[in-house]
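The structure appears below as structure tokens.
The values are calculated or read from the model by the stated rules, or taken from the named source; none is laboratory data. Predicted model only: the values in this text are computed from it and were never measured. FYI the Cβ positions are ideal-geometry reconstructions off the backbone, even for glycines, and counts take in every protein chain you see. Side chains are part of the model used for accessible areas, which takes the heavy atoms of the whole protein and leaves out ligands, DNA and RNA. Shrake-Rupley method; radii C 1.70, N 1.55, O 1.52, S 1.80 Å.
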Amino acid sequence: MIDELSERITARSPKNGEFRMVAVDGRGGSGKSTLTDKLARFLPGFTIIHGDDYWEPSQDSEFGWFNEDRFHHDVVEPLGKGQRRLAYRPYIWESEPHLRSQELVVDAGIVIERCYSIGLPLDWDYTIWVDATPELALERGIGREPHQAEVWANLWLPREDAYIEREQPKTRADTVIDATLPFA
């Protein structure tokens, strides 16, 4: 499945004429990171950006939330202009300073793996929705972070539900992947 998916991605000419842009979207806990890590092996020359790199402390939750302003400034705006060089500033929880700028250069393409990616204002070449029920995503999320069960259930899941209702990412995706099946 992964090799076929990578062939579909690379079969299309980039809309910007320079490099391909791919979104991997789905609920938290759906398997986006796992799928993207497997897919990266079949996409040489592609830069991978994980949305969790823009996760940081926030007033909404003791565990944090996306820094949308920084993500848009660092990633979305330059890509929207067709720029290959990004001043990438991931948040590093375990070290000071937490933000360190590094230059990312997009060669053949870029894969952005994060919740809400299909809804970003980018002209995607290919979009993937990793389809998990709210119950499965919640189970996996709490399994990963049991101390955040209330946050998963009362904050993140409702925000994802609102995004899914508003943006309809599953219907907009080029490929929908069942999160209950192994990514082979």
D52, D161, reordered so the largest accessible area comes first (probe 1.4 Å): D52, D161
Read-out Cα extents along the principal axes in Å, derived from the coordinates shown; its label in (1) 47, 39, 35; (2) 59, 33, 28; (3) 45, 39, 29: (3)
Size of charge dipole - region 51-184 - debye, nearest 20, with Cβ of Lys, Arg +1 and Asp, Glu -1, no other charges: 360 debye
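When the accessible area of the chain is computed with all protein chains present and a 1.4 Å probe, what percentage of it is carbon and sulfur? Walk me through the intermediate numbers first.
Numbers: 4570 of 9270 Å².
On the chain, the fraction of accessible area on carbon and sulfur atoms equals 49 percent.
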Low-density loop cleavage sites - trypsin sites (Lys or Arg not before Pro) in region 57-140, where at most 12 other Cβ are within 10 Å (DSSP): K81, R100
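Taking a 1.4 Å probe, which of T180, T10, T175 shows the most accessible area, and what order do the others take after it?
T180, T10, T175
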Most fluctuating residue given options S95, S13, S117, as computed from a GNM of the chain linking Cα atoms under 10 Å: S95
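Sorted by accessible area (1.4 Å probe), largest first, how do F42, F71 line up? Each step should come with its number before you reach the end.
Details: F42 100, F71 0 Å².
I get F42, F71, largest accessible area first.
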Region 126-174 - accessible surface per residue (Å², probe 1.4 Å): 56 Å²
For region 142-178 versus region 62-113, the gap between their alpha-carbon centres in whole angstrom: 22 Å
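Go through region 76-184 and name the GluC sites (Glu not before Pro) that are in a DSSP coil and have 11 or fewer other Cβ atoms within 10 Å of their Cβ. Intermediate results must be reported in sequence, preceding the final value.
Numbers: sites: E94, E103, E113, E135, E139, E150, E160, E165, E167; in loops: E94.
Those that pass, being in a loop and sparsely packed, are E94.
Using only Cα atoms, what Kirkwood radius does region 127-183 have, in angstroms?
Values: mean 1/r = 0.0821 Å⁻¹.
Final number for the Kirkwood radius of region 127-183 is 12.2 Å.
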